[in-house]
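Okay, so here's the structure we're looking at.
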């Protein structure tokens, strides 16, 4: 189990709805609420829907990430602040994913269960909350 304390004021402001002025300045005498992220290792079989999901659909997306990772030096940090480890730590999982049959949920499930560790995330309020992810859409367009 790992605990990570969120000390980022920007994160706390966004997630905690801090009392801020329109210009972003915090109202004097108040502080943003703090939370603690607790990660607990769990078995994949304990993830709701894991056994019934179409896990093979996640493999092409993961392989696109592997294409980017392949361009990095082994010691290159993954993620803007290195939170994703080093590129070399992803190589084995990328090779395993490349061997998964395109439509085999069982093979994809076995690959993810072999190459990754599942964690349950919870905060001070328990395991229910919001987890936000971002992506950048790539749109191919032309001007005629």
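Throughout, read-outs are computed from the coordinates displayed, never taken from laboratory work. Since we're looking at a predicted model, the values are computed, not measured. Neighbour counts are summed over all protein chains in view; Cβ atoms, including those assigned to glycine, are modelled from backbone coordinates with ideal geometry.
For this structure, a couple of remarks:
- Selection within the stretch 30-53 - loosely packed, with under 11 Cβ neighbours inside 10 Å and farther than 27 Å from residue 125 by Cα: 52
- Scanning the stretch 65-76 for residues that are farther than 13 Å from residue 93 by Cα and assigned to a helix (DSSP H, G or I) returns a single hit, 68.
- Scanning the stretch 46-64 for residues that are touching a helix residue (DSSP H, G or I) at 6+ places or on another chain (Cβ under 9 Å), assigned to a helix (DSSP H, G or I) and farther than 14 Å from residue 96 by Cα returns 55, 57.
- Unmet requirement for residue 81, which otherwise passes all of (1) within 28 Å of residue 137 (Cβ to Cβ); (2) out of contact with any helix residue (DSSP H, G or I) (no Cβ under 8 Å at 6 or more places or on another chain); (3) assigned to a helix (DSSP H, G or I): (3)
- All told, residue 104 meets the bar of being over 21 Å from residue 69 (Cβ atoms) and touching a helix residue (DSSP H, G or I) at 6+ places or on another chain (Cβ under 6 Å).
- Residues of the stretch 102-118 that turn out to be assigned to a loop (DSSP other than H, G, I, E, B) and under 13 Å from residue 57 (Cβ atoms), as a count: 3
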